[in-house]
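Every number in this text was worked out from the coordinates using simple rules, so none of it is lab data. These figures come from a predicted structure and were not determined experimentally. In this analysis, Cβ positions are derived from the backbone assuming ideal geometry, glycine residues included, and neighbour counts consider all displayed protein chains.
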Amino acid sequence: MRMRMRMRSPSNSSDAGGTSPNLLQEQSSRSTGQGWLRGRFPKLFRSQAGLASPAGVGGSAATDGRQIVHVEEPPVVIPTFEQNLEDRNLREAAQLLIEQERHLFGEITESVSLKCHEEEVKKLATDREALEKLVFQTLEGSLEVNDDNMAAALRSAVEAIQLEEQQDQLWRQNQKTFPPWRPSGWRKRHDLMLRRLVENRLDNEEDQKTPDNQVSALQADVQGMGRQLKEDLLLVVKVLNNCYPPDMDVCNLYARMFHQSFSARLRKIAEYGLEDKDGTFLLLWVNKYYPGILQKPELVNEIDAEALGKLLPEDLLEPLEEQFLSNQQSELKTNLDNVLKEEKEKWTNGEEPSREDDCYISTVAYDVIVLLNGRMTSTQTILGDQQKAQSITDQLKDFMQRYKVFQEDVIKQNRANSKALVKATLHSIQQFSDVLVRKKLLLPEDVRESCLCVLTDMRQSAHAYLLNPVHKVLKPHYQKLGTSDWLKKNPFEKLLSSIEKELEDLQGSSLLCNQELMGQLHQEVTVEYVRRLLKGDVKLKDREKQQNAYLTVKDNAESLHKLFSSKGSQEEWLKEILIKIAEVLQLQDVPAIQMQIISLGSAYPDLSEKQVSALLKLKTNLSKADRKTVKATLVDTLNATGADLNTRPFFCRIEIR
């Protein structure tokens, strides 16, 4: 195309043909001078004050007689429409055509028909087609912009579209005789072109995927589209955002188009039955990878990810999630069964558990916790929902029941390695309890409570298995308590010696488990001591015998505490119970006895009237009326204060008939 340059004199500021601007022209002029485009149109005409004389150089006399010389300014050169096209100044080219359109169609009235300007209209239509073609060619390369020139051309194309959109609005509002190309609808075409461009980008990425033996064809397709989406959105935010006015919100415009296109492709994939791995991969993209792209620092402040929503609707997500959860539960059950199976095989083969610092340990709890935590973490990542991830933990309840049944079988068969395995199992019980009580695993409350109940039963069963043989050995010594021989100290010393011997055989549990086991035996021995004392036939007829009994019980309490503490028991409160009982045996005044019984009953509200009566009957010099008074005081105190639920049970384990 041959380029032409137009030259206009600054004095030529009137409209061609002397026609005055009509209402459309005035409104358009005001519109294009506002907002984002304010001040950006080239001034087609410029006027200067004090123009030169026709001769070009002239003079006039100043008041002081000097000659004033006037120099004519050079004419302003305005690029032609063709020159603007060649230079990709598309906004300027659009402005020129709009000005021509205003002048031309401003002259068309009822008396001046369109036919009078037929040639001018054809020429204007041809120029518009050339401009339109170049504008949309520029738009087609939007996602390939890689230098300042391309960015400037795109910016100019967008501005041209903005001008066209404004002109469409003006014609709709103010003109009866529309140009044949109005409304041009360039903005709508712009959006359609961007959508088509986005579709083509994702289609091309699908076609150009590189085969990879590590992933399925479906996974390669999705990965490729996701990679293209990320690269293009980064380009939009870093480059294209500067080519568009803020009101067009180009970042979210592209984000919506990519989201809709990507979502449509994933919907087609999800509508067909998928293999487990492909279904899991799709869930990962919906809940992790795609949200991760939108949360990139470069994008997070420019794109409203929440407004986009999920890539797949719930009706397609639910079947995928159910399929995934079913597989997770099945795999977790298999993994947990294998942990227990390995433990059973070792026991069946006669192996003893591993030892660490001379303590039997079991890896069952550790293995289960690691498995469960890993599954829950991965499930939450894939589903993007903590509550849904917790649903797989029902398998832990089933496992605990199977673990309990296994321990019962170990105890029942009582093989040579059973005792060692039970000590090791206590280690696992303690690890499980620590995780569940401290809520180190995010489990539903019903699962947590159910598992803790099973663990409590297992701990009690293990303690009973280990301690019952001890009590069987100690029974002959228990029988001496509460008799006249007991006050001679020899029976208790034999009991203490037997306990010390049995305690050696109970060692082998981990530190915390040993503390619990020693504390349990300490409590059971103390309970048996008090039971035998209250049921005994010893008669404390006078102050001397009662004082002797006080010293004996106090000394026994100290001896038991010293022995069990040396083996790990932390139950210091048991010594205090025996000392309080000893104080009752020593006291002579009823008020003092009342105060001591109140102190004992307040500390241990499970103390009963029958037990108080049995204790007071040891003091045969105490009348029935006095005993009744003391018991009444205890009842009144307990009724007034109520039971303290935080106290440890003790007397409720002692039956008095």
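Quick notes
- When the C-alpha to C-alpha distance is required to be over 21 Å, the pairs from 288/310; 535/631; 341/404; 480/619; 230/296; 346/501 that qualify are 346/501.
- Segment residue 129-residue 215, extension gain: residue separation times 0.36 nm, minus the distance between their alpha carbons: 26.1 nm
- Long-range amide H partners of residue 76 with built H, under 5 Å: 8
- For residue 632 and residue 356, the difference between the fully extended length at 0.36 nm per residue and the C-alpha to C-alpha distance is 93.8 nm.
- Modelled FRET efficiency - R0 30 Å, residue 439 with residue 648, Cβ distances, 0.05 increments: 0.80
- Prolate/oblate/rounded label for the range 271-364 (Cα gyration tensor, a/c 1.5): oblate
- If the segment from residue 307 to residue 373 were pulled out straight at 0.36 nm per residue, it would be longer than the present Cα-Cα gap by 20.5 nm.
- Cα gyration tensor, the range 317-461 - rounded (a/c under 1.5), prolate or oblate: prolate
- Cα gyration tensor category, rounded, prolate or oblate, for the range 479-653 with a/c compared to 1.5: oblate
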